[in-house]
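Take a look at the structure below.
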Amino acid sequence: MATDKVTLADALSNVDVLDEFTMPDEQPCIEAQPCSVVYQANFDTNFEDRNGFVTGIAKYIEEATVHASLNELLEEGLEHAVMLYTWRCCSRAIPQPKSNEQPNRVEIYEKTVEVLAPEVNKLLNFMYFQRKAIERFSAEVKRLCHQEKRKDFVSEAYLLTLGKFINMFAVLDELKNMKSSVKNDYSTYRRAAQFLKVMSDSQTLQESQNLSMFLATQNKIRDTVKENLEKIQGYEELLADVVNICVHMFETKMYLTPNEKHMLVKVMGFGLFLMDSELCNINKLDQKKKLKLDRIDRIFKNLEVVPLFGDMQIAPFNYIKRSKHFDVSKWALSSSINSMSPQADLMVHLPQIREDHVKYISELARYSNEVTTTYKDCGSDIENRETAELALRGLQLLSQWTSVVTELYSWKLLHPTDHHMNKECPQEAEEYERATRYNYTDEEKFALIEVIAMIKGLQVLMARIETVFVDAIRRNIYAELQDFVQLILREPLRKAIKNKKDLIRSIIVSVRETCADWHFGVEPTADPALKGKKDPDNGFGIKVPRRKVGPSSTQLYMVRTMLESLIADKSGGKRTLRKDIDGQYLIQIDQFHKTSFYWSYLLNFSESLQNCCDLSQLWYREFYLEMTMGRKIQKCHVRHQHNEECSDLITMEKRIQFPIEMSMPWILTDHILRSKEPSMMEYVLYPLDLYNDSALYALTIFRKQFLYDEVEAEVNLCFDQFVYKLSEQIFAHYKQLASSILLDKRFRVECLAAGAYILSYPRANRYETLLKQRHVQLLGRSIDLNKLITQRINADMQKSLDLAISKFESGDITGVIELEGLLQVNRLTHKLLSKWLALDEYDAMFREANHNVLAPYGRITLHVFWELNYDFLPNYCYNAATNRFIKCRGLQFVQPVHRDKPPQMSHHYLWGSKQLNLAYSTQYGQYSGFVGFYHFRTMCKLLGYQGIAVVMEELLKIVKSLIQGSLLQFTKTLMEAMPKVCKLPRYDYGSPGVLGYYHAQLNDIVQYPDAKTELFHNFREFGNTILFCLLMEQALSQEEVCDLMHAAPFQNILPRPYCKEGEKPETKQKRLEVKYSALQIVPNVDKYGTAKQAMVAKEGDLLTRERLCCGLSIFEVVLSRLRSFLDDPIWVGPPPANGVMNIDECTEFHRLWSALQFVYCIPVGDTEFTVEELFGEGLHWAGCAMIILLGQQRRFEALDFCYHILRVQRVDGKDENVKGIHLKRMVDRIRRFQVLNSQIFAVLNKYLKSGDSDASSVEHVRCFPPPIHPSLAHVQQHYHAPEYLRQVNHP
Amino acid sequence: MSTTHREAIQKQIQQDWANREYIEVITGSIKKITDFLNSFDMSCRSRLAVLNEKLTTLERRIEYLEACVTKGETLT
């Protein structure tokens, strides 16, 4: 209810309850701090509340006032620096009037002034600001350098602020020098303004002149500062103090963020430069021990280059080199060029960083586990202190690593590579490219990624327990502060009161009153220390309260500064205050002063953490953009003596940014992707986080929309690339894995043995972690990486399947085996990937690729049929000995087939990699020369029942048209040419005589031109079809048997168990059945499923059981269909005149076939092709099948011309040349074909007669016992007809 | 400086400590709420992503099945 009042306690407990919600997030954290809402409380008042601390010493309250205004100036300075740094040239975009006569030039000028005026205003403000800032700075210096004041102590905070001013001047001056576009824009404006006479009054004109001069004069700010300072007497001593405090702070690591560290170094350099003048020689100051140049020298060597602003770098030592009294001997380290600065070598730092990281992470993990598992309201003082120290140490480590990264980056920017140093760097590489893209070795890139990952990773961990840290930090600081002021300061106070050291007493009292939080609200007045007396023997008890809050920023400043004045080496008077304080107290105060330095950072933990991890400047390149100004310089590369003519070609490109290849975040990301280094893969999101840093910087510090837009544009581009590359890589990886798993093991072993090439399994990689990422934060967007990769890989998978089929389509029928292999690999790839990605179902994908979703027959079926029809049937020759078809190498009877070219595809769409592609193509090459059992089996698998049915149906149609078309036509023609009567000549003629007789009789057929070509070709096609159907059925049967074997255990069909003697097989069988009862489908579905499921299961079971039982045969059906095509009377001729059978008449088909057989049995010359070579056994299959289907087998066997020649030759054994025919060779051929024919008849009979039982077949046959000629009685029959046997058995 | 005046100031300072502690408590609580919101956000995103994935899969499957059933014609 809105009206209900919620008490604070309730509200707080409500907040506490939030902890108890469990928020499962199942993705491994491999990205930088992902947060949608950032909450940072800032209690820095910039001394606004200074007047509240009236009890403080007035001088420091005044100083606070000065600080406040100086801080404001510094902030303003930063804004101007940002303005300069992010300045983009406007004048280039502004059209210039080409001549004075141009009519619209007034308009152009007016617009120019209108557009540029606000920008110029910024420049004016900048000029005023620097004037003001220099004046202010000089005034401060002058005040502090006053002779009396000089003796007084100047606080550390004050000196540091002056240092910050010096830094600001250096930065602004360099920025102003660098930005030529500022000057160009201003002169454009000025030209326009002068033309329009906008600046009419003399003051404006003067101002404009001043600004012009200010912008045009290099080093203007620096020189003015120097000029002004040199007028102040003793300024060098103050500056020496500033430099010394910087040295001191640098050496004792009294800084936190990398920016502060670099500022200290810059102040040293620029400070020394400012000091060294006509009047002052820094070398002499060194001699007087006012400066310690050797220490600065070492610092400058260790840090040769520091970031100045954005991507602008500066070598602080250069300031020294430019100074008047530069003496090389004083700067031995910095001026030596032999040794490289340690900042240039990341690898030196890496082991230490790794060690620190591991150490700290484990400590943090231990701590974090402790706080999450044990509930504590608040820890003890010691625990809190340890936690606070842990937090500080973490921040310092982060800062240190960030420094290492930024320092390396800075050094590299100032030391670009070239094509001599880096072979990969092209000669014409751009400046920025040479500073980034080609400037890092692979090792360095990995190291950078690793360090960035450590920074970002640790940042996440620390941010996660921020509330715990912050809590402990506040308690700890409070406790330390209160204990110090309420307890520890009592002793020096007592001493001061006792010894009447009023100044010390008043300072200590001020300190106490400024920040003591007394238990009873007021200082215990009874405290003997306040009277300079000793405590009573049992001690004076002071109870120091405990709170969870730190001092305010002003309070902390006051306390620290006042304490500093106690322990300072200088004071206003003759003797320093520290001489009046006992050593032990001094140490305590000093210790407190040192510890409390870090409190401001700790109190702003969240901000400090962010600052320590800020790597945004790795992206900014305004300096380089300014340098190139959209130009691309092309150098003359022709190999010749370069002369004046080949001056650099400058092309202006309309580009406002560098390509991503030169951008550090992408260079690092891409490096991981390119190297595919498994140990780095999980870091891949960290370099991308640099864009988050840069974008945040653009939004909060630079506050420039266009910079953010540019970051965003680059991120869009990079992320697309990233997802594209990553998913391709993942797909290729899993493809390779699948291919490697499926690659024949023996093949692999033999490859290894042969040492040809090693097909190693792909290296395990950590893609899984990446695949689990469902929300990646990038520029405030949350990206489901898993989904994006799934989409791409789904498409890849689809394409892969599609290409596999396309590849098949581009080749002949033999490619079917490779297709099967490819599909198998894709299936395995799919299975492996499906563990991580929600891909579409494999079958669905396959059917889509096969175009089998909408159409009834897929691409595979169609292509198989196409190949059968156009290539296989007309061109292949069968050989029963090998049971293979091979392509006819002789004459081609049809046009060569044209197939589409195989599509170009990258390796990962095929088998995964080049080596694997080679290995597999070698393996599958073995199958490309023939069509055999493997091919039929594979076709069975791929076509399935439906495919087989449709292919056969279509083939039958072809055969039908063949039989009823050209074959019928040929038969009719040839029957005419057949002799009307052709007897079996008597043996007495001898085999040459018989041969001669037949040759004469069949001369017309022999001479018939088309018989040996076109006709045989048609028969071959017919025969190949029959063979195809037969072999398909055989293959299918094997597949089915395999299926049944696989199904058997689920159908309670178990192999017969082995039984020893005395064991009963039945009981053993029963036991097995019980054992495997859980596998049996039907009873289980009956038991647990619905009635409908049970019915389905039963039907399925029945279908499986019955599949082979009733002996359904495709081939039988095919034969009966073929028989139905032979309906023309020409095949059988008129009924026999004798009412029994035709003997000598040539009216039936088998007589024609005998004639054809005679034709092809005639041996050919050496140069001619035999029929076997040309047509294979398909020819004989066609003839035999027709004969058997016409029921003419017996007559054929009995009356065939060739067989008769053979029989006669067997008897007389003659060998002659009859009309050019070599008898012996002819007979050999006849014998061979006789065997073949009888084999074919046997096979066909098996299928045709399978349905008939012996008894019925005998009953319907009229038996005519043929008269046996005495001469034939002993001729051995090669083939025993069943009837014949029967006759023998039952004479 | 009179004692009462000093005591008044000391009390004010103490009050200031107390006030700031109160502010800290509130700030800390807001921070906790922020953390909660962030982790809630993460958790929701991950669950929604899973849900989205399931729905996408189903949608694609339905599309496929529809195509299978209708052979190209759209279901009406």
Legend entry - Label zone at residue A:21, where the point sits 7 Å out along the Cα-to-Cβ direction: region B:24-53 residues whose backbone N lies under 12 Å: B:33-45
Inset, instruction - Please give the FRET efficiency for residue A:1214 paired with residue A:1121, using the beta carbon to beta carbon distance and R0 = 56 Å, rounded to the nearest 0.05. - result: 0.80
Legend entry - Extension gain from residue A:43 to residue A:900, taking 0.36 nm per residue of separation minus the Cα-Cα distance: 301.0 nm
Legend entry - Tail weight of P(r) past 24 Å, computed on alpha-carbon pairs of region A:1032-1133, percent: 50
Inset, instruction - Report the label-to-label distance for residue A:854 and residue A:283 in nanometres (one decimal), using points 7 Å from each Cα along the Cα→Cβ vector. - result: 9.0
Legend entry - Exercise: per-residue mean of other protein chain Cβ atoms within 10 Å, A:514-521: 5
Inset, instruction - Would you tell me the mean number of C-beta atoms belonging to other protein chains that fall within 10 Å of each C-beta in B:51-62, as a whole number? - result: 3
Inset, instruction - Partner chain Cβ atoms within 10 Å, averaged over the residues of A:840-852 - can you pull that number for me? - result: 2
Inset, instruction - Collect residues whose amide H, placed 1.01 Å from N in the peptide plane, falls under 5 Å from the amide H of residue A:314; neighbours closer than 5 in sequence don't count. - result: A:306, A:308
Inset, instruction - Pick out, from A:280, A:1267, A:842, the residue whose Cα sits farthest towards the positive end of the charge dipole of chain A, with +1 on the Cβ of Lys and Arg and -1 on the Cβ of Asp and Glu. - result: A:280
Legend entry - Cut-off under 5 Å, modelled amide H: who pairs with residue A:778 long-range: A:783
Inset, instruction - Can you check how the C-alpha radius of gyration of region A:688-760 compares to 2.2 N^0.38 Å, as a plain ratio? - result: 2.02
Inset, instruction - May I ask you to work out the translational diffusion coefficient for region A:997-1047 at 25 °C, viscosity 0.890 mPa s, via Stokes-Einstein with Rh from the Kirkwood sum over Cα pairs, reported in whole µm²/s? - result: 174
Inset, instruction - Please give the helix B:3-70 orientation as an angle from the longest Cα principal axis of chain B, in degrees from 0 to 90, rounded to the nearest 10. - result: 0
Legend entry - Neighbour cut-off at most 15 other Cβ (10 Å), DSSP loop, trypsin sites (Lys or Arg not before Pro), region A:1048-1112: A:1060
Legend entry - Residues residue A:661 and residue A:194, FRET efficiency given R0 of 60 Å [Cβ-Cβ distance, rounded to 0.05]: 0.85
Legend entry - Candidates per GluC sites (Glu not before Pro) in region A:391-431, loop by DSSP, up to 16 other Cβ within 10 Å: A:424, A:428
Inset, instruction - Could you bin all the Cα-Cα distances of region A:359-447 into 5 Å bins starting at 0 and give me the percent of pairs in each, rounded to whole numbers? - result: 3, 11, 15, 15, 9, 8, 7, 8, 8, 6, 5, 3, 2, 0
Inset, instruction - Sort A:534, B:32, A:321 by accessible area with a 1.4 Å probe, largest first. - result: A:534, A:321, B:32
Legend entry - Three semi-axes of the equivalent ellipsoid, region A:333-397, Cα gyration tensor, whole Å, largest first: 39, 14, 6
Legend entry - Unit charges at the beta carbon, dipole of the protein assembly as shown: most positive-side option, A:562, A:979, A:996: A:562
Inset, instruction - Give me the orientation-averaged projected area of the Cα convex hull of the protein assembly as shown, in nm², one decimal. - result: 89.9
Legend entry - Cα centroid separation, region A:807-828 to region A:13-69 (Å): 66
Inset, instruction - Extending each Cα 7 Å along its Cβ direction at residue A:945 and residue A:1041, get the distance between those two points in nm, one decimal. - result: 2.0
Inset, instruction - Could you rank the peptides A:1234-1244, A:466-476 by their average count of other C-beta atoms within 10 Å per residue, with the highest value first? - result: A:466-476, A:1234-1244
Inset, instruction - Provide B:33, A:166 ordered by accessible surface of protein heavy atoms (probe 1.4 Å), highest first. - result: B:33, A:166
Legend entry - Pairs beyond 32 Å (Cα-Cα), from A:266/A:676; A:745/A:799; A:301/A:359; A:745/A:835; A:261/A:290: A:266/A:676
Inset, instruction - Would you mind listing how long region A:108-207 runs along its three principal axes, going by Cα atoms, in whole Å with the largest first? - result: 61, 28, 16
Inset, instruction - Give the long-range amide H neighbours of residue A:877: residues separated by 5 or more places, or on another chain, with amide H under 5 Å away, using H modelled in the peptide plane at 1.01 Å from N. - result: A:886, A:887, A:888
Inset, instruction - May I ask you to list the aspartates and glutamates whose Cα is less than 19 Å away from that of residue A:980, ignoring any residue fewer than eight positions away on the same chain? - result: A:1004, A:1144, A:1145, A:1148, A:1200
Inset, instruction - Report the trypsin sites (Lys or Arg not before Pro) located in region A:822-855 that are in a DSSP loop and have at most 13 other Cβ atoms inside 10 Å of their Cβ, or state none. - result: A:835
Legend entry - Sequence-distant aspartates and glutamates (8 or more away, or on other chains) whose Cα lies within less than 18 Å of residue A:1098: A:1043, A:1086, A:1106
Inset, instruction - Could you check the simple spin-label distance between residue A:1105 and residue A:294, using points 7 Å along Cα→Cβ, in nm with one decimal? - result: 10.4
Legend entry - R0 of 30 Å, Cβ-Cβ distance residue A:1143-residue A:1239: FRET efficiency to nearest 0.05: 0.70
Legend entry - Under 21 Å from the Cα of residue A:197 - lysines, other chains or at least 8 residues apart: A:98, A:111, A:122, A:183
Inset, instruction - Tabulate in residue order the Karplus-calculated ³J(HN,Hα) for region A:152-163, using 6.51 cos²θ - 1.76 cosθ + 1.60 with θ = phi - 60°, rounded to whole Hz; enter x for Gly and Pro. - result: 6, 7, 10, 5, 4, 4, 5, 4, 5, 5, 4, x
Inset, instruction - Divide by every residue of the protein assembly as shown the summed helix terms, -39500 (n - 2.57) for each DSSP H run of at least 4, and state the resulting mean residue ellipticity at 222 nm, rounded to the nearest 500 deg cm²/dmol. - result: -20500 deg cm²/dmol
Inset, instruction - Return, ordered by residue number, the residues of region A:393-426 whose backbone nitrogen is under 19 Å from a label point located 7 Å along Cα→Cβ of residue A:461. - result: A:393-405
Legend entry - Whole-Hz couplings from phi, Karplus 6.51/-1.76/1.60, listed for region A:123-139; x for Gly and Pro: 5, 4, 4, 5, 4, 4, 4, 5, 4, 4, 5, 5, 4, 5, 4, 4, 4
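The values are calculated or read from the model by the stated rules, or taken from the named source; none is laboratory data. The structure displayed is predicted, hence computed values, not measured ones. A quick note on method: Cβ atoms are made from the backbone with ideal geometry, for glycine too, and the neighbour counts reach across all protein chains shown. Only protein heavy atoms, including side chains, enter the accessible area calculation; ligands, DNA and RNA are left aside. Shrake-Rupley method; radii C 1.70, N 1.55, O 1.52, S 1.80 Å.
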